[in-house]
1. Given H placed 1.01 Å from N in the peptide plane, which residues other than close sequence neighbours of Thr110 have an amide H under 5 Å from its amide H?
2. What are the ³J(HN,Hα) values, in whole Hz, obtained from phi via the Karplus relation 6.51 cos²θ - 1.76 cosθ + 1.60 with θ = phi - 60°, for each residue of the stretch 88-93 in sequence order, with x given for Gly and Pro?
3. If you project the alpha carbons of the stretch 111-165 onto the principal axes, what extent comes out on each, in Å, largest first?
4. With a 1.4 Å probe and all protein chains kept in place, how do Tyr130, Tyr80 rank by accessible area, largest first?
5. Dividing the Cα radius of gyration by the Kirkwood radius, what Rg/Rh value follows for the stretch 35-134?
6. Can you run phi through the Karplus equation (6.51, -1.76, 1.60; θ = phi - 60°) for the stretch 35-46 and list ³J(HN,Hα) in whole Hz, with x for Gly and Pro?
7. With each pseudo-label sitting 7 Å past Cα toward Cβ, what's the Tyr6-Asn54 distance in nm, one decimal?
8. Between Asn95 and Glu31, what is the label-to-label distance in nm when each label sits 7 Å out along the Cα-to-Cβ direction?
Amino acid sequence: MKRFLYALLGMVVTAFSLSSCEKEENKVYFEGGTAPVLSANRTGSIPLAFANSNEQAVRVSWTNPNFNFNTGVSSQNVNYLLEIDTVGGNFNSSNKRTISIANDLSRTFTQGELNDILLNSMLLTPGRTYNIEMRVRAGVAGAPGTNVSSNALRYAVTPFAIPPK
């Protein structure tokens, strides 16, 4: 009987001593950031022509969102998603194009690249004028709730048909 009581007492003491331990944690909390501001070297319309496929169509750039955490400004890599959609699609249409850009604050498109996106990704008809819009979404990988979106830029574009070889 004494052995049983000593064993029971030992288990109770062990249980209390283990439950009294606290794990020290350094929790990192997202405190906010600013939405990036999108700008471009072109306004209104973007001319596209097969003869000028290798020439610059548009260069878009954006500001750093300066994500802040309780440990200070983020030193993590910020991922940027450049979204292109038709006006009225609200960046939710099935033909929206999203381009991932890591650690860079700008992207330049040639006329051929932009035309390829319009024809093959967004499935727009060549020779017809469309109104498109672009925006940037920024976020830190592995940090939920850090996604912020920029302002949208609108352009009129007319994709060209690629001539047969």
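1. Ala57
2. Running phi through 6.51 cos²θ - 1.76 cosθ + 1.60 with θ = phi - 60° gives x, x, 6, 6, 10, 6 Hz.
3. That works out to 47, 23, 16 Å along the principal axes.
4. Values: Tyr130 30, Tyr80 10 Å².
Sorted descending by solvent-accessible area, the residues read Tyr130, Tyr80.
5. Values: Rg = 15.5 Å, Rh = 15.0 Å.
For the stretch 35-134, the value is 1.03.
6. 5, x, 9, 8, 9, 8, 8, 9, 10, x, 9, 10
7. It is 9.1 nm.
8. That separation, rounded to one decimal, is 4.6 nm.
The values are calculated or read from the model by the stated rules, or taken from the named source; none is laboratory data. Note that the structure is a prediction, hence the values are computed from the model and not measured. Cβ atoms come from the backbone with ideal geometry, glycine included; neighbour counts cover every protein chain shown. What goes into the accessible areas is simple: the full protein's heavy atoms, side chains included, and nothing from ligands, DNA or RNA. Shrake-Rupley method; radii C 1.70, N 1.55, O 1.52, S 1.80 Å.
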